[in-house]
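Chemist: Would you mind keeping the following structure in view while I ask a few things?
The values are calculated or read from the model by the stated rules, or taken from the named source; none is laboratory data. Bear in mind the structure is a predicted one, so any value in this text is a computation, not a measurement. Glycine gets a Cβ as well: all are built from the backbone with ideal geometry, and neighbour counts include every protein chain shown. Surface areas here come from the heavy atoms of the whole protein model, side chains and all, with no ligands, DNA or RNA. Shrake-Rupley method; radii C 1.70, N 1.55, O 1.52, S 1.80 Å.
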Amino acid sequence: MEVRAAGLGMLRVVCLFAVFDAVCLLDSGMLFPRESPSREVKELNGLWDFRADDSTNRNQSFERAWYKKRLAETGPVIDMPVPASYNDITQDAALRDFIGWVWYEREVVVPARWISDEGTRVVLRVGSAHYFSIVWVNGVKVTQHAGGHLPFEVEIGSLIRKDPTTPCRITIAVNNTLNLDTLPPGKIQYMEDRTKYPEGFFVQYIYFDFFNYAGIHRPVLLYTTPKAYVDDITVVTDFLDNAGLVKYKVSVQGAATGTISVTLKDKDGRSVASSSKPSGVLKVEDVNLWWPYLMHENPGYLYSMEVHLMATDGRSTYEDMYTLPVGIRSVAVTSTQFLINDKPFYFHGVNKHEDSDIRGKGFDWSLIVKDFNLLKWMGANSFRTSHYPYAEEILQMCDRHGIVVIDECPGVGIKDIRSFGNASLAHHLDVMDELVRRDKNHPSVVMWSVANEPASEMPPAEFYFETLIKHTKDLDPTRPVTYITDSNYARDKGAPFVDVICVNSYFSWYHDSGHLELIPLQLNNQFENWYGKYKKPIIQSEYGADAVPGLHSDPPVMFTEEYQNIVLQSYHSVFDQKRKQYVIGELIWNFADFMTVQGLTRVVGNKKGVFTRQRQPKRAAFILKERYWRLANETGRLGLPPSNHQSHCVQIMKND
Ligand code: GCB
């Protein structure tokens, strides 16, 4: 490891840790549910009863209180898998395009011991449900949540103990309606012209380019903790010479007094540091830093922080254990560089979506693992969670594989001036609270993105983004903050507040369609203008072109694979000049084709993927693969060849 001037390094560590308490501002935790000797997890994934409220006023389900009885007693129900979007599960176009309340219900057998043991908390957790959710247990409302991409949970132990003989009936109503204050924003319009539209006909306008999939998208589970429990852990890491430093804080709920022990273990289970205080700094000699994929021969190194609590509430003693994976690394930004562990990091990666056939935005391990295999195959070292927070399990994969993440909140499509008002801003601040609380401990997350392509030239954008970015930095002063712009450098109102300029542009596609020859000139000017004005490092956060797989033409025309390739290559030649100066990354739009609303510019979805929606490569995937491995060799200090494994084992179909 490079030895830094001791004075300077120490100063940075002191500064970093001085601001640490800010990361602990939020009063309750949202630790990922993990099993431990003191905690059990019961997944409620599988088939739930499902019914959409398609009444004309979209409110009959509440008028008739569907939550009070079994859903099947209110009318016909169908099987609905959880997690999954409901839209593409049936053959019914009305359900695919449904706007309003849908109802999910499931009866759960709760282990008797969870019920009989008063010292056990039983927590119901929903990984995410899009967009607004209300939850009842045995007909009693227990919680509600606004926002489609972050988890919410509620303790239900006392409720299920009231009548231990009845099964635990969980009802979740989910509404995908978007309005000007939701994130993302949308607008409902009722059509009044009776010569064209029947009574009650309305449309949901959205200002973003992906299908507004809805339903319960991530796992639902019950988990237990003891009555006194580890509620939250915050870690901030750095290093000095070859010692790793882990500043931590453990918060406890349910007991006024207790003892805590914290042990940091390496990959082999050896204790490398420990403490008996609820907060402090753990020092790790000969540290294995967390490095990005292709930047080090041992990327994604994770320690395990085992937190052990013994607490008493006066009557009983409780013991809780929680283990948090910890990656030790630093992040910093200069006017021309993005530094991870003090080394320049170049983002060569992708933008993604949570999107696939049939399951829509539903969580699916097979898809996740396939995507990681594709990312690693193509030599991608990073992605942006365009345009909303992804499942936490995906971030855990990033931690383990060393894939660097720009973590984006669902602030996509803020285009209407009314979406810059106080109510929208207040909700946006809340969503950032939830996002930082959930993702603050992931080493893979190196930057927050608070929005995508807002109308940042509108006058209220200045106050809006100043407030939002300052708030995010107050929550987490250890990571840079950005938003993604497509605005002109001279008109953009939020850029003074970001740490890194992230620009989307589609030269020769949305502007000067067909004129590939203009890309170098326009892209060069884009970079020079932004850097000239702001002197901040720049990421090309989106670029690309639609290609219908198998469509060919030479000379290239739009929508062919050849056209997509020339767009990519023309951008790359400019990136290669500018990355020697201040361009710190390039993220292709998009990793894979994805579904959108129907419209004149979309042929069964957005086709800018370098993979198809079924994850088969277009020609562009090979161009990126060749480039990313070359970049890894140049910028990642590894000298790795692209792996071209040939399989020697084939399956042969016998015809005779
Ligand atoms: C963008 C948006 C992204 C779209 C993309 C496109 O600028 O950020 O959501 O899908 O362009 O293909 O139009």
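Chemist: Over the stretch 229-326, what is the relative contact order in whole percent, taking alpha-carbon pairs under 8 Å and six or more residues apart?
Modeler: So the answer I get is 29 percent.
Chemist: Taking only protein heavy atoms into account and a 1.4 Å probe, give the accessible area per residue of the stretch 462-575 in Å².
Modeler: Value returned for the stretch 462-575: 38 Å² of accessible area per residue.
Chemist: In addition: At 7 Å along Cα-to-Cβ for each site, give me the label-to-label distance between K196 and V548 in nm.
Modeler: My value for the distance between the label points is 2.8 nm.
Chemist: Please turn the phi angles of the stretch 458-465 into ³J(HN,Hα) values with the Karplus equation 6.51 cos²θ - 1.76 cosθ + 1.60 (θ = phi - 60°), one per residue in order, whole Hz, x for glycine and proline.
Modeler: Each residue of the stretch 458-465 in turn: 6, x, x, 4, 5, 5, 4, 7 Hz.
Chemist: If the cut-off is 19 Å between C-alpha atoms, which lysines fall inside it for K473, apart from same-chain ones fewer than 8 positions away?
Modeler: Once the sequence-local lysines are set aside, what remains near K473 is K247, K249, K440, K493, K536.
Chemist: Considering only DSSP beta bridges with both partners in the chain, what is the antiparallel share in %, to the nearest 5?
Modeler: 75
Chemist: Could you let me know the centre-to-centre spacing of the stretch 506-571 and the stretch 191-245, using Cα atoms, in angstrom?
Modeler: So the separation of the two Cα centres works out to 32 Å.
Chemist: So, with +1 on the Cβ of K and R and -1 on the Cβ of D and E, and no other charges, what is the size of the charge dipole of the stretch 75-185 about its Cα centre, to the nearest 20 debye?
Modeler: Computed charge dipole of the stretch 75-185: roughly 300 debye.
Chemist: Ok, one more. In the neighborhood of G300, defined by Cβ-to-Cβ distances under 12 Å, what is the net charge if each Lys or Arg adds +1 and each Asp or Glu adds -1?
Modeler: +2
Chemist: Once amide H atoms are placed 1.01 Å from N in the peptide plane, what residues at a sequence separation of 5 or more from N45, or on another chain, have their amide H within under 5 Å of its amide H?
Modeler: V220
Chemist: Sticking with this structure for a sec: Toward the positive end of the charge dipole of the chain, about the Cα centre and with charges on Cβ (Lys, Arg +1; Asp, Glu -1), which of L425, S279, H511 goes farthest?
Modeler: S279
Chemist: Provide the net charge surrounding L523, with neighbours chosen by a C-beta distance below 13 Å and charges set as Lys +1, Arg +1, Asp -1, Glu -1.
Modeler: -4
Chemist: Round to a whole number: what % of the accessible area of the stretch 331-635 belongs to carbon and sulfur, probe 1.4 Å? Display every interim value, and only then the final one.
Modeler: Numbers: 5520 of 9930 Å².
C and S fraction of accessible area: 56 percent.
Chemist: Given axes a ≥ b ≥ c from the Cα gyration tensor, I'd like to know whether the chain is rounded (a/c under 1.5), prolate (a/b larger than b/c) or oblate.
Modeler: oblate
Chemist: Work out the length of the dipole vector of the chain about its Cα centre, built from +1 on the beta-carbon of each Lys and Arg and -1 on the beta-carbon of each Asp and Glu, and round it to the nearest 20 debye.
Modeler: Numbers: 70 positive and 79 negative charges, 112 e Å.
Charge dipole of the chain: 540 debye, to the nearest 20.
Chemist: May I ask you to list the trypsin sites (Lys or Arg not before Pro) in the stretch 577-622 that are in a DSSP loop and have at most 13 other Cβ atoms within 10 Å of their Cβ? Don't jump to the answer; show the numbers that get you there.
Modeler: Details: sites: K578, R579, K580, R602, K607, K608, R613, R615, K618, R619; in loops: R579, K580, K607, K608, R613, R615, K618.
Hits after loop and neighbour filter: K580.
Chemist: Now for a different question. Specify the inter-centroid distance of the stretch 274-296 and the stretch 335-398, based on alpha-carbon positions, in whole Å.
Modeler: Going from one Cα centre to the other spans 24 Å.
Chemist: Separate question: Can you tell me what share of the DSSP beta bridges in the stretch 331-635 is antiparallel? A percent to the nearest 5 is fine.
Modeler: Just about 25 percent of them are antiparallel.
Chemist: Another question about this same structure. Roughly speaking, to the nearest percent, how much of the stretch 229-326's 1.4 Å accessible area is carbon and sulfur?
Modeler: That fraction is 45 percent.
Chemist: While we're here: Taking a probe of 1.4 Å, how large is the accessible area per residue of the stretch 229-326, in Å²? Intermediate results must be reported in sequence, preceding the final value.
Modeler: Numbers: 4200 Å² over 98 residues.
Roughly 43 Å² per residue, with all protein chains present.
Chemist: Given H placed on each backbone N at 1.01 Å, which residues far from V445 in sequence or on other chains put an amide H within less than 5 Å of it?
Modeler: Those lying under 5 Å, H to H, from V445 are V405.
Chemist: Put +1 on the Cβ of every Lys and Arg and -1 on every Asp and Glu Cβ in the chain; which of W530, S38, Y67 then has its Cα farthest towards the positive end of the dipole?
Modeler: S38
Chemist: For n ≥ 4 DSSP H runs only, could you compute -39500 (n - 2.57) per run for the chain, divide by its residues and tell me the 222 nm figure to the nearest 500?
Modeler: -6500 deg cm²/dmol, from helical runs alone.
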